[in-house]
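K.L.:
For reference, the structure I am asking about is given below.
Every number here is computed from the coordinates shown, using simple stated rules; none is lab data. Just so you know, these numbers come straight off a predicted model, no measurement behind them. Backbone-built Cβ (ideal geometry, glycine too); neighbour counts: all protein chains shown.
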């Protein structure tokens with residue numbers, strides 16, 4: 001094949017070696033994703049020969065992003081992709097599946113400390129006008145942080161910070177949801193929502209770590225000046 | 001021992017079985033943390049008998065919080081606790097160690113897409129008056145999200161959302177840093193900073209997932225009304 005033809009053949013079926021080259025994912029890993037059902041099978045051109053297309057390259061990029069940036073396990077990616085590929089879920093149901101894969105709250109004891117933290121979270125939700133009917137598993141993660149910080153002697157930080165954290169989270173969620181509502185193709189709605197939820201969380205965590213360093217440097221600099 | 005005496009003996013040295021009971025961590029797990037150096041050794045009262053105190057209960061709670069809420073590996077916890085226990089690091093150096101354990105950015109290719117995303121991030125930092133000298137590894141995580149979203153066709157979300165994400169992160173970091181500057185005891189500064197950074201990130205992620213559900217429900221409800 002002449003070099004000039006390459007661009008035009010992108011959408012023709014390619015063999016696995018070519019798929020590996022284009023996606024940067026090794027052949028054994030591609031075979032593993034096929035066996036695990038994360039990657040859809042290629043089109044059989046003969047009993048021993050499958051052809052792959054641009055949709056396979058894209059799917060591999062999505063899998064790699066969910067693993068490398070999102071830190072998801074192969075099993076969790078399986079859940080997300082089944083929701084993306086599966087019977088038509090509403091946007092809202094899909095969001096439940098995707099946010100659920102990011103959550104792994106430890107069971108909370110049914111004690112007075114947990115009850116106090118739950119009441120604190122509920123009160124903060126009510127101040128924001130949030131609907132207490134939606135019992136997302138992430139609520140237990142949040143309650144768990146309050147309980148543990150309080151047990152370790154930092155309960156005042158947790159109580160002080162809660163409204164600011166929820167406020168920051170809501171501003172970010174507004175942008176994400178606004179954007180996802182402007183996407184109209186179903187295929188894009190579902191994988192876009194999954195990617196935004198998962199990669200966006202990694203981005204927000206990274207942004208907070210960077211901001212911690214920036215804000216500390218600024219405030220400690222100010223302190224040094226005051227002390228000097 | 002009479003039940004009434006129990007409270008008064010909390011600070012007396014206890015045996016491992018008692019430490020396990022108070023902390024809720026099993027004896028084999030406590031032994032594992034001792035071997036890995038995460039838990040400081042007890043005080044030897046005889047060659048085969050060590051005594052543990054309130055500082056051991058607290059340390060076990062901290063380890064469990066970092067594993068169960070923060071999702072840290074035992075190796076990462078080792079890094080955090082060495083920084084906490086180790087030679088006096090400045091607040092700022094400690095923050096570098098702690099934020100570093102949360103980061104696992106994949107190496108980025110040195111291509112034009114990465115260069116474009118880096119320039120975008122730098123420009124956003126400049127708009128906030130952030131110092132570009134601090135090359136936190138989290139910056140690569142952020143650049144990685146921009147590159148991958150753009151490869152997957154959602155570059156417009158990433159570019160649109162970047163300032164809002166950084167703004168949300170900065171507000172949260174302000175609260176955290178303000179609070180940590182009010183803590184004056186060195187022991188508390190170091191473990192408080194570590195806990196706030198790590199558990200706070202889990203809390204912010206959870207808050208965003210909850211907010212996604214709340215905001216989606218609100219906006220989809222509004223859409224339904226408009227369409228009806």
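K.L.:
Measuring nothing but label to label, 7 Å from Cα along Cα→Cβ, what are residue B:181's distances to the other copies in nm, shortest first?
P.N.:
Ordered by distance, the counterparts are at 3.8 nm.
K.L.:
How big is the protein assembly as shown on each of its three principal axes, counting only the C-alpha atoms and giving the largest first in Å?
P.N.:
Here the Cα extents, ordered largest to smallest, are 83, 51, 48 Å.
K.L.:
Can you give me the orientation-averaged projected area of the convex hull built on the Cα atoms of region B:104-227, in nm²?
P.N.:
Values: hull surface 41.6 nm².
For region B:104-227, averaging the hull's shadow over all directions gives 10.4 nm².
K.L.:
Okay, moving on. What FRET efficiency would be calculated for the residue pair residue A:119, residue A:178, taking the C-beta separation as r and a Förster radius of 22 Å, to the nearest 0.05? Write out the running numbers ahead of the final one.
P.N.:
On the way: r = 32 Å, r/R0 = 1.45.
The pair residue A:119/residue A:178 has a calculated efficiency of 0.10.
K.L.:
So what is the relative contact order of region A:91-228, in percent, for Cα pairs below 8 Å that sit 6 or more residues apart? Kindly include the intermediate steps, with their values, before the conclusion.
P.N.:
On the way: 63 pairs, mean separation 37.2, N = 138.
The value is 27 percent.
K.L.:
Which residue in A is nearest the A/B rotation axis when you measure from the C-beta atom, and what is the distance in Å?
P.N.:
A:168, 2
K.L.:
Please check which bits of region A:11-38 a label hung off residue A:46 would reach, taking the label as a point 7 Å along Cα-to-C-beta and the cut-off as backbone N under 18 Å.
P.N.:
Residues passing the 18 Å test: A:13-18.
K.L.:
Within a 10 angstrom radius of the beta carbon, how do A:14, B:62 rank from fewest other beta carbons to most? Spell out each step's value before the answer.
P.N.:
On the way: A:14 21, B:62 24.
Exposure proxy ranking, most exposed first: A:14, B:62.
K.L.:
Considering Cα pairs under 8 angstrom that are at least six residues apart, work out the relative contact order of region A:1-135 and quote it in whole percent.
P.N.:
Worked out over region A:1-135, it gives 16 percent.
K.L.:
Using R₀ = 35 Å, calculate the FRET efficiency as 1/(1 + (r/R₀)^6) where r is the Cβ-Cβ separation of residue B:58 and residue A:220; round to 0.05. Kindly include the intermediate steps, with their values, before the conclusion.
P.N.:
On the way: r = 27 Å, r/R0 = 0.76.
Efficiency, rounded to the nearest 0.05: 0.85.
K.L.:
If we count other beta carbons within 10 Å of each Cβ, what is the order of A:143, A:74, B:57, fewest first?
P.N.:
A:74, B:57, A:143
K.L.:
Compute the length gained on full extension between residue A:132 and residue A:13: take 0.36 nm times their separation in residues and subtract their Cα-Cα distance, giving the result in nm to one decimal.
P.N.:
Values: separation 119, 0.36 × 119 = 42.84 nm, distance 5.01 nm.
Between residue A:132 and residue A:13, full extension yields an extra 37.8 nm.
K.L.:
Would you kindly compute the Cα radius of gyration of chain B and its largest Cα-Cα separation (Dmax), both in Å?
P.N.:
22.9, 79
K.L.:
Which of A:220, A:19 has the fewest other C-beta atoms within 10 Å, and how do the rest follow up to the most? Could you put the intermediate results ahead of the total?
P.N.:
Working: A:220 16, A:19 22.
Starting with the residue having the fewest Cβ neighbours, the order is A:220, A:19.
K.L.:
Using Cα centres only, tell me the gap between region B:106-132 and region B:27-55 in whole Å.
P.N.:
Value for the Cα centre distance between the two parts: 47 Å.
K.L.:
Right, here's the next one. So what's the back-of-envelope 222 nm ellipticity for the protein assembly as shown, counting only DSSP H runs of four-plus at -39500 (n - 2.57) apiece and dividing by all residues, rounded to 500? Don't skip to the end; give the middle numbers.
P.N.:
On the way: 18 runs with 311 residues, N = 456.
Result for the protein assembly as shown: -23000 deg cm²/dmol, rounded to the nearest 500.
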